Amino acid sequence: MNSPRGGQLLTIVHKLKHLNFPSALGLMPPSEMMLLAEIAKMIRSRPEKPVTASDIARQLEVSAPAVSRTLNRLEEKHFIERLAHPGDRRNVRIVLTDEGGAAVEENMNKVKAFLERALLHLSDGEIAEMSALFEKLFEAMKAELGNMEQDKENGGLC
């Protein structure tokens, strides 16, 4: 089924992607920001548990080699440190440095400020409507993915 509605949505998503926010706003590369933000989130949500590269890969659903390459770049920039894992010598734990925490905060503040300025072009009602529609789209896509997963489990039979 080739729906023009789906095409309209893909077109606007494509346009948004090509605005190149990271470069325009002076942000760090998206892969680095994604990892730093995830490390910070994991440390906040479970301070008693060390963060490992495999935890990050699993959480972000990306390959371990991709995480390792990005961690290498973050370590070179002194945004993270790799320390011996207290319970497993084969693993290392990832620690956010003060510089890394400041980089996450600075980048998030730039994104939030830009978004606030962009949203000044919309009314409160338009923002509320857009948010509700995005939420509705999220729920519809989640349901469709669930249906697809169920179809797989049933051998593709409806």
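Here, each number is a calculation from the coordinates, and none is a lab measurement. Not measured: the values here are computed from a predicted model. Note: ideal-geometry Cβ built from the backbone for every residue, glycine included; neighbour counts use all protein chains shown.
Structure above, values below:
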{"read-out": "0 to 90° range, to nearest 10: angle between helix 30-45 axis and the chain longest Cα axis", "value": "70 degrees"}
{"read-out": "Cut-off under 5 Å, modelled amide H: who pairs with THR52 long-range", "value": "ILE94"}
{"read-out": "Neighbourhood net charge (11 Å Cβ-Cβ; Lys/Arg +1, Asp/Glu -1) for ALA64", "value": "+1"}
{"read-out": "For the chain, built as a Gaussian network whose Cα springs stay under 10 Å, the top-fluctuating residue of ARG89, ARG117, ARG58", "value": "ARG89"}
{"read-out": "Acute angle (nearest 10 degrees) that the helix 4-17 long axis makes with the longest principal axis of the chain, alpha-carbon atoms", "value": "40 degrees"}
{"read-out": "Relative contact order, percent, region 17-121 [alpha-carbon distance under 8 Å, six or more residues apart]", "value": "27 percent"}
{"read-out": "Net charge, MET28 excluded, C-beta distance under 13 Å - Lys, Arg +1, Asp, Glu -1", "value": "-2"}
{"read-out": "Proxy reagent accessibility, fewest Cβ within 10 Å first, across GLU99, GLU116", "value": "GLU116, GLU99"}
{"read-out": "Theoretical FRET efficiency, 1/(1+(r/R0)^6), r = Cβ-Cβ of ILE12 and ASN109, R0 35 Å, to 0.05", "value": "0.85"}
{"read-out": "Ratio Rg/Rh [Cα only; Rh per Kirkwood] for region 17-121", "value": "1.02"}
{"read-out": "Chain lengthening between GLU144 and LEU25 when straightened (0.36 nm per residue, less Cα-Cα)", "value": "39.4 nm"}
{"read-out": "Student exercise, the chain dipole from Lys, Arg, Asp, Glu Cβ charges, in Debye to nearest 20", "value": "400 debye"}
{"read-out": "Helix axis angle, 98-119 relative to the chain longest principal axis, alpha carbon, degrees", "value": "20 degrees"}
{"read-out": "Top of LYS136, LYS49, LYS110 by mean-square fluctuation, Gaussian network on the chain, Cα under 10 Å", "value": "LYS136"}
{"read-out": "Fully extended contour minus Cα-Cα distance, from ALA84 to GLU61, at 0.36 nm per residue", "value": "5.9 nm"}
